[in-house]
Protein chains: 2
Amino acid sequence: MPFCIHCGLPTLPLIPAGDSRVRQVCESCGHIHYENPKIICGALLVWQDKVLLCRRAIEPRYGLWTLPAGFMENGETIAEGAARESQEEAEAVSELEQLYCIYNIPDIGQVYMLYRGMLVEGNFGVGEESLECGLFSEADIPWESLAFESIRRTLKHFFADRQTGHFGLHVETLRHPVKPT
Amino acid sequence: MPFCIHCGLPTLPLIPAGDSRVRQVCESCGHIHYENPKIICGALLVWQDKVLLCRRAIEPRYGLWTLPAGFMENGETIAEGAARESQEEAEAVSELEQLYCIYNIPDIGQVYMLYRGMLVEGNFGVGEESLECGLFSEADIPWESLAFESIRRTLKHFFADRQTGHFGLHVETLRHPVKPT
């Protein structure tokens, strides 16, 4: 990040006064460029005994299966972002029930926040960022072709919790994720 | 955000291909500048029947009382950020127990994520960003001098939940917050 977003002149890596971390600071106007973790919001949507999955039409992990999820946007709540991603990636109308899984991924500055909910009336399509979408029972989940560890864990939690009927919040940290290809 | 962080040349507000939102896009190199919500991580720390509060030595809300909290940094988990803020603002060693309150504040692109935990051995000091720190029982909380609605709600939840002994996760949305002065 070598240039200032405010004035276009070069920045330098410095520790600002009162701070303890190196930031890119503008030599000219003094603007400090902070970089902070991003939230990935998404949803595990259920219809009867099946879960809605999408096969990715974009990198990273093109061609692999995922839950609908993506970067949270300014101006929306986590739940609104999860519903928007479900609409965009699978043309799914969702009825969200609870914030279900949170994954810290500190190595890449991401926090996954995944809701659990219902796929309204079982209807879905195929969004622009998906090659195909489908409803999968536990026995049919493509475990070897999932895009992300966060998605694998969320599905594992769901099928385990469904046995007990108790769906608590899961908060976990994923270390050293495989880099996107 | 009128200049490109990658090449220093001007950006324009455009909707990139495959996107549905206006982003600042570099006219020269094409770099897309995304802006996403930021996470504020913090902690409600308890010693005996009292809660640790800090009086802010920084803007916004200089002079008002808050729980230790601040922007989550890249490379840390939410809990690590909450512990770090507790150390920085109140020289507090914390033993975190649960992710307790989450507040969407879509109008300003923030998500508060507050842990509940113990103040180890009841020890604390006064960090650089605080004017003073202190332990407050429910009757002594300075309700009229709290810095943020998120903090007020977290304290209300805590004292109510303490009556029942059940500390569930609270996920709420705050609309139209008062702008920082």
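Overview of values
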item	result
Overall form of the range A:131-181 per C-alpha gyration tensor (a/c, 1.5; a/b vs b/c)	oblate
Helical contribution to [θ] at 222 nm, DSSP H n ≥ 4, -39,500 (n - 2.57), averaged over chain B, rounded to 500	-5000 deg cm²/dmol
Distance from the range A:62-102 to the range B:89-131 (C-alpha centre basis), Å	28
Exercise: per-residue mean of other protein chain Cβ atoms within 10 Å, B:66-73	2
Residues whose placed amide H lies under 5 Å from that of A:MET118, excluding near-sequence neighbours	A:VAL46, A:GLU95, A:LEU96, A:GLU97
Dipole magnitude of the range B:118-161, debye to nearest 20 (Cβ charges: Lys/Arg +1, Asp/Glu -1, about Cα centre)	200
Overall form of the range A:15-100 per C-alpha gyration tensor (a/c, 1.5; a/b vs b/c)	prolate
Under-5 Å amide H pairs with A:GLN110, H placed in peptide plane, nonlocal only	A:LYS38, A:ILE105
Phi to ³J(HN,Hα) by Karplus 6.51 cos²θ - 1.76 cosθ + 1.60 over the range A:24-36, Hz, x for Gly, Pro	7, 10, 6, 5, 8, 9, x, 4, 9, 9, 8, 10, 10
Exposure proxy ranking, count of Cβ atoms within 10 Å, fewest first, for A:GLU89, B:GLU76, A:GLU121, B:GLU95	A:GLU121, B:GLU95, B:GLU76, A:GLU89
Least to most buried among B:LEU96, B:LEU53 (fewest other Cβ within 10 Å first)	B:LEU96, B:LEU53
Trypsin sites (Lys or Arg not before Pro) within the range B:73-181: DSSP coil, no more than 16 neighbouring Cβ in 10 Å	B:ARG175
5 angstrom amide H check on A:ARG23, placed H, neighbours 5+ away	A:LEU14, A:ILE15
Antiparallel %, DSSP beta bridges [both residues in the protein assembly as shown], to 5	70
Of every Cα-Cα pair in the range B:38-173, the percent that sits beyond 18 Å	49
Charged-residue dipole, Cβ positions (Lys, Arg, Asp, Glu), the range A:30-171 about Cα centre, Debye nearest 20	420
Antiparallel bridge percentage (DSSP; both residues within chain B; nearest 5)	70
Ascending count of other beta-carbon atoms within 10 Å, so fewest first, for B:LEU67, B:LEU99, A:LEU52	B:LEU99, A:LEU52, B:LEU67
Rounded tilt (10° steps) of B:78-90 against the dominant C-alpha axis of chain B	60
Tilt relative to chain B, helix B:149-164 - C-alpha long axis, 0 to 90 degrees, to 10	40
Descending semi-axes in Å of the protein assembly as shown, equivalent ellipsoid built from Cα gyration tensor	35, 29, 17
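Here, each number is a calculation from the coordinates, and none is a lab measurement. What you are looking at is a predicted structure, and each value in this text was computed from that prediction instead of being measured. Cβ: placed from backbone, ideal geometry, glycine included. Neighbour counts: every protein chain shown.
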